[in-house]
Structure formats: structure tokens, C-alpha cells
Amino acid sequence: MHECPSCALEVEGTPTECPYCGYEFPQQKSSIKMVAWLLIVLLVVFILWMY
């Protein structure tokens, strides 16, 4: 359950828009997730390389 930041009502699931007030929830782009995973992998490789 998510809380709408506009009207503070609970919205079920992963909504794209609040059914009560029409607030559009921001969508996370897949490129951001890819960059995050890449940074994690690089950090692990760097830590392993240091030992």
C-alpha cells in the first residue's frame, strides 16, 4: 500500500495515478536501476581487488 502525497489516502498496489485526486506517482526509470547495479558490481570488484 502506498500513501498519496497529495491527498494522504492509501492506494493499493503500485499505482501510476491516485484514483481519488489524480496525483501522478513518479516512475523510476530502468536506466537508474542499471546504473545502481553497475556501481554495486564495480564496488565489489574494487574491494576484492584491494585484498
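The values are calculated or read from the model by the stated rules, or taken from the named source; none is laboratory data. Here the structure is a predicted model, which means the values were calculated and not measured. Every residue, glycine among them, receives a Cβ derived from its backbone with ideal geometry; neighbour counts consider all protein chains shown.
Listed conditions (1) without any contact (Cβ under 8 Å) to a residue 12 or more places away in the chain; (2) surrounded by 10 or more Cβ atoms within 10 Å (Cβ to Cβ); (3) not β-branched (Val, Ile, Thr) are all met by LEU48, apart from (2).
Answer with yes or no whether TYR20 is loosely packed, with under 11 Cβ neighbours inside 10 Å and at negative phi. Criteria not met by TYR20.
Those residues that are outside any loop (DSSP other than H, G, I, E, B) and small (Gly, Ala, Ser), I need them from region 1-31; list them, please.
Listed by number, the residues that qualify are SER30, SER31.
The set of residues in region 23-46 being of a type outside the set (Phe, Trp, Tyr) and either in contact with a strand residue (DSSP E or B) (Cβ under 7 Å, 6 or more places away or on another chain) or modelled with pLDDT under 95 (or both) consists of GLU24, PRO26, GLN27, GLN28, LYS29, SER30, SER31, ILE32, LYS33, MET34, VAL35, ALA36.
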